[in-house]
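The values are calculated or read from the model by the stated rules, or taken from the named source; none is laboratory data. Keep in mind it's a predicted model, so treat the numbers as computed, not measured. Quick reminder, even Gly has a Cβ in these numbers, built from the backbone with ideal geometry, and neighbours come from all protein chains shown.
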Amino acid sequence: MSILPEKLAPIVISVYTRLDHFKKCILSLQENDLACESELFIYSDAASSPSDVESVAKVRDFSRSIVGFKRVTLINRDKNYGGARNAEDGLKEVLVRYGSSIFMEDDIVVSKSFLKFMNDALFLYNNDPLIHSVSGFNIPNVSSEDGIILSKLFSGWGVGMWAHKEPFSSVESMITPHQDMIENKIKSKVKKYHPTLHKNLKKVDNKICRANDVIFTYLLIKCDLFQIKPTQTLVRNMGMDNSGVNCGSDRRFLSTKISNTELNPGALPKYKLQFDREYYDFFYPVLTLYDRLINLYSKIYRKLLSGNWND
């Protein structure tokens, strides 16, 4: 499949202070053949405290030096938006202007075939009402003859979206998703695909957390929609080193082997629940004592830094 350059989806990256992660992210994108024909938008959040001012400045200095793309646009926030709002507002702005976009955070490293896969899928499934989004991530060892699978479990680790499918309108109105689940009597349906999602939905209701991935997954299940995922992951999340806001430490993700194989999206395969079961089990394994202690330490450390003990 060949996509005309003017049809390529722009890339949106949300950044803050992680310069080393961001450099690796950009380097991996530059190694894609379509990078030179793709527009890049960088949304740089302002420092939330005086201690972050220098780190933010270094990220912005590096951003001004980036080459290898059709155009690089740097948006420097003049006040601190917070990670979620900075990312969401940036993605929405680009979606409205261009119709589709590929979003990633600064800790995402991609394969050399990532941009082609994402653009091919965004073009091919543009008018398919069942497809909500496209992800470049999947777990290792997915056994399928197809180049893609259908999933009910949303991943935002390198994700493509369309403006006309209004991906954020339902999320913004979903203030109490757990209550919505109870009122619609679909708790058993939700647990079928994600056994513990209802617990996270309850946290959203109680304003303990606000994770769009959680709400997107709920909406995929509720509305019988799907996310496209490649059978071989094209993404590695380097934020699983304790540097991510919502991530702990997980060595499995840091060592994930990403595929440079050119995957060609085609006719939609049949949805198989086993893939989502395997995906869920990968994210929620029985942790070793060492990993549990590392995650606990990371959680306490982040709370000490933020001063917020409510989440």
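Before moving on, here are some points about what is shown:
- All of (1) free of Cβ contacts under 8 Å to residues at least 60 places away in the same chain; (2) surrounded by 16 or more Cβ atoms within 10 Å (Cβ to Cβ) hold for TYR16 with one exception: (1).
- Qualifying residue in region 237-251 (condition: in contact with a His (Cβ under 9 Å, 6 or more places away or on another chain), modelled with pLDDT of 80 or more and of a type in the set (A, V, I, L, M, F, W, C)): yes
- Hits in region 172-221 - residues which are hydroxyl-bearing (Ser, Thr, Tyr) and either surrounded by 13 or more Cβ atoms within 10 Å (Cβ to Cβ) or under 20 Å from GLY83 (Cα atoms) (or both): SER173, THR176, TYR193, THR217, TYR218
- Any pair with Cβ under 6 angstrom, 6 or more apart, that starts in region 25-40 at a residue that is free of Cβ contacts under 8 Å to residues at least 40 places away in the same chain and more than 18 Å from ASP120 (Cα to Cα) and ends at one that is surrounded by fewer than 16 Cβ atoms within 10 Å (Cβ to Cβ) and of a type in the set (Phe, Trp, Tyr): none
- Residue, surrounded by the fewest Cβ atoms within 10 Å (Cβ to Cβ), within region 59-81, restricted to residues that are over 23 Å from the mean Cα position of the chain (by Cα) and within 28 Å of ALA211 (Cα to Cα): ASP78
- ASN127 falls short on exactly one of the conditions (1) over 17 Å from the mean Cα position of the chain (by Cα); (2) within 12 Å of VAL159 (Cβ to Cβ), and that condition is (2).
- For the criterion of being surrounded by fewer than 22 Cβ atoms within 10 Å (Cβ to Cβ), of a type in the set (A, V, I, L, M, F, W, C) and within 17 Å of GLY156 (Cβ to Cβ), ALA84 passes.
- Residue in region 39-54 that is in contact with a Gly (Cβ under 8 Å, 6 or more places away or on another chain) and not hydroxyl-bearing (Ser, Thr, Tyr) present: yes
- Selection within region 83-120 - more than 16 Å from the chain's Cα centre (by Cα) and among the small types (Gly, Ala, Ser): GLY99, SER113
- Condition met for SER144 (out of contact with any helix residue (DSSP H, G or I) (no Cβ under 7 Å at 6 or more places or on another chain), modelled with pLDDT under 95, surrounded by fewer than 20 Cβ atoms within 10 Å (Cβ to Cβ) and among the polar types (S, T, N, Q)): yes
- Residues of region 147-169 classified as β-branched (Val, Ile, Thr) and more than 25 Å from LYS270 (Cβ to Cβ), total: 0
- Filter result for the condition that a residue is of a type in the set (Phe, Trp, Tyr) and under 19 Å from GLY266 (Cβ atoms), over PHE114, PHE103, PHE137: PHE114
- Filtering region 187-222 to residues that are in contact with a helix residue (DSSP H, G or I) (Cβ under 9 Å, 6 or more places away or on another chain) and among the small types (Gly, Ala, Ser) leaves only ALA211.
- The one condition from (1) in a strand (DSSP E or B); (2) hydrophobic (A, V, I, L, M, F, W, C); (3) under 19 Å from SER259 (Cβ atoms) that MET161 does not meet is (3).
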